[in-house]
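Trainee: One structure, pasted below without further comment.
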Amino acid sequence: LMFASVGRGVVFGRHMVIRHAHRIRIGAGTILDDHCVIDAKGTENRGIQLGARVYVGRNTILYTKNGNITIGDDVNISSNCQVFSSNEVVIGSSTVIGAYSYLLSGGGYDPSRSAPRFAEQDGFLTKGPLSIGENCWLGAGVIVLDAASLGAHCVAAAGAVVTHSVPPDTLVAGVPAKPLKSLAAS
């Protein structure tokens with residue numbers, strides 16, 4: 001009764017933190033592992049929507065600050081990840097995200113604003129939505145920054161920092177992430 005909706009067969013781990021549950025939708029067969037934080041904070045947002053058979057690993061945090069997070073079916077988010085949105089985060093179906101990865105949509109501060117103290121700013125500065133296409137693989141420790149995107153069937157090597165749009169069927173690596181090769185079938 002506390003969630004916006006919950007499908008059949010959802011598994012909740014131990015010692016979880018759920019905040020603003022009325023903005024959280026969870027698809028059938030989803031597993032939320034131990035010590036997860038799922039927080040859909042906001043007043044004008046839709047909140048967090050998890051598709052069917054999503055796995056959210058231990059110690060992972062999904063949270064919004066008036067933003068939205070939409071995760072497709074069969075997505076696997078490993079342990080110790082963070083997904084934050086004060087804008088829009090969309091993760092396509094069948095995507096795998098390695099441990100310690102960080103996806104950030106919004107939440108920036110402006111050093112040129114008249115309020116010189118960052119703590120006095122609202123932290124809603126954003127360049128645009130963040131999207132990960134279907135059937136992508138983000139290795140361990142990947143960071144995807146505000147307004148960046150990965151097209152369908154992309155791979156981001158471990159430790160990559162994605163700062164821009166990456167076309168479909170591309171392997172990227174490095175800081176900042178640069179294309180290494182095409183994954184398109186020949």
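The values are calculated or read from the model by the stated rules, or taken from the named source; none is laboratory data. Quick caveat: nothing in here was measured; it's all calculated off a predicted structure. Backbone-built Cβ (ideal geometry, glycine too); neighbour counts: all protein chains shown. With ligands, DNA and RNA removed, areas are computed over all heavy atoms of the protein, side chains included. Shrake-Rupley method; radii C 1.70, N 1.55, O 1.52, S 1.80 Å.
Trainee: Once you order the gyration tensor axes a ≥ b ≥ c over the Cα atoms, which shape class does the chain get: rounded for a/c under 1.5, otherwise prolate or oblate by comparing a/b with b/c?
Mentor: oblate
Trainee: Same structure, new question: Long-range amide H contacts for residue 103: which residues qualify at under 5 Å (H placed 1.01 Å from N, peptide plane, sequence gap of 5 or more or a different chain)?
Mentor: Long-range HN contacts for residue 103: 82, 83, 84, 144.
Trainee: Rank by packing, highest mean first: peptides 171-180, 146-155, with packing defined as the count of other Cβ atoms within 10 Å averaged across residues.
Mentor: Values: 171-180: 16.2, 146-155: 21.3.
The peptides rank, most packed first, as 146-155, 171-180.
Trainee: Treating the beta-carbon of each Lys and Arg as +1 and of each Asp and Glu as -1, no other charges, what is the dipole magnitude of the chain about its Cα centre, to the nearest 20 debye?
Mentor: Details: 15 positive and 13 negative charges, 44 e Å.
Dipole of the chain, to the nearest 20 debye: 220 debye.
Trainee: At a probe radius of 1.4 Å, what is the per-residue accessible area of residue 65, in Å² to the nearest 10?
Mentor: Rounded to the nearest 10, that gives 60 Å².
Trainee: Here's something else I'd like to know. Taking R0 as 22 Å, what FRET efficiency do you get between residue 31 and residue 4 from their Cβ-Cβ distance, rounded to the nearest 0.05?
Mentor: 0.75
Trainee: Under 8 Å for C-alpha pairs, at least 6 residues apart: give me the relative contact order for the range 1-42, rounded to a whole percent.
Mentor: Details: 81 pairs, mean separation 19.9, N = 42.
With pairs under 8 Å counted, the relative contact order is 47 percent.
Trainee: A follow-up question, please. Can you list residues whose amide H is under 5 Å from residue 6's amide H, if they're 5+ apart or on another chain and H is modeled 1.01 Å from N?
Mentor: HN-HN under 5 Å from residue 6: 26.
Trainee: Let me ask something else. When the Karplus curve 6.51 cos²θ - 1.76 cosθ + 1.60 is applied with θ = phi - 60°, which whole-Hz ³J(HN,Hα) does each residue of the range 75-82 get, with x for Gly and Pro?
Mentor: Result, ordered by residue: 7, 10, 10, 6, 6, 6, 9, 9 Hz.
Trainee: Moving to a separate point now. Among 11, 83, 119, pick out the residue whose Cα is farthest towards the positive end of the charge dipole of the chain, where Lys and Arg carry +1 and Asp and Glu carry -1 on C-beta, about the Cα centre.
Mentor: Ranked along the dipole, the leading option is 11.
Trainee: Then there is this: Specify whether the C-alpha gyration tensor of the range 31-83 places it in the rounded, prolate or oblate class, a ≥ b ≥ c being the square roots of the eigenvalues: rounded for a/c under 1.5, otherwise prolate if a/b is larger than b/c and oblate if not. Don't skip to the answer; put the middle values down first.
Mentor: Values: a/c = 2.54, a/b = 1.43, b/c = 1.78.
Because a/c hits 1.5 or more and a/b fails to exceed b/c, the range 31-83 counts as oblate.
Trainee: Return a whole-number percent for the relative contact order of the range 32-180, with Cα pairs under 8 Å and 6 or more residues apart as the contact set.
Mentor: Working: 492 pairs, mean separation 22.3, N = 149.
Computed value for the range 32-180: 15 percent relative contact order.
Trainee: Across the range 9-23, in residue order, what do the Karplus-derived ³J(HN,Hα) couplings come to in whole Hz, using 6.51 cos²θ - 1.76 cosθ + 1.60 with θ = phi - 60° and x for Gly and Pro?
Mentor: The phi angles translate into x, 6, 10, 9, x, 7, 6, 7, 10, 10, 10, 6, 4, 5, 10 Hz.
Trainee: Search the structure for amide H atoms under 5 Å from the amide H of residue 158, placed 1.01 Å from N in the peptide plane, and list their residues when 5 or more places away or on another chain.
Mentor: When sequence neighbours closer than 5 places are left aside, the close amide H contacts are 139, 140.
Trainee: For the range 66-186, with every protein chain kept in place, what is the accessible area per residue (1.4 Å probe, Å²)? Walk me through the numbers on the way to the answer.
Mentor: Working: 5600 Å² over 121 residues.
Each residue of the range 66-186 exposes 46 Å² on average to a 1.4 Å probe.
Trainee: Further, regarding this structure: Rounded, prolate or oblate: which one fits the range 1-102, using the alpha carbon gyration tensor with axes a ≥ b ≥ c (rounded when a/c is under 1.5, else prolate when a/b beats b/c, else oblate)? Walk me through the numbers on the way to the answer.
Mentor: Values: a/c = 1.28, a/b = 1.12, b/c = 1.14.
In terms of gyration-tensor shape, rounded.
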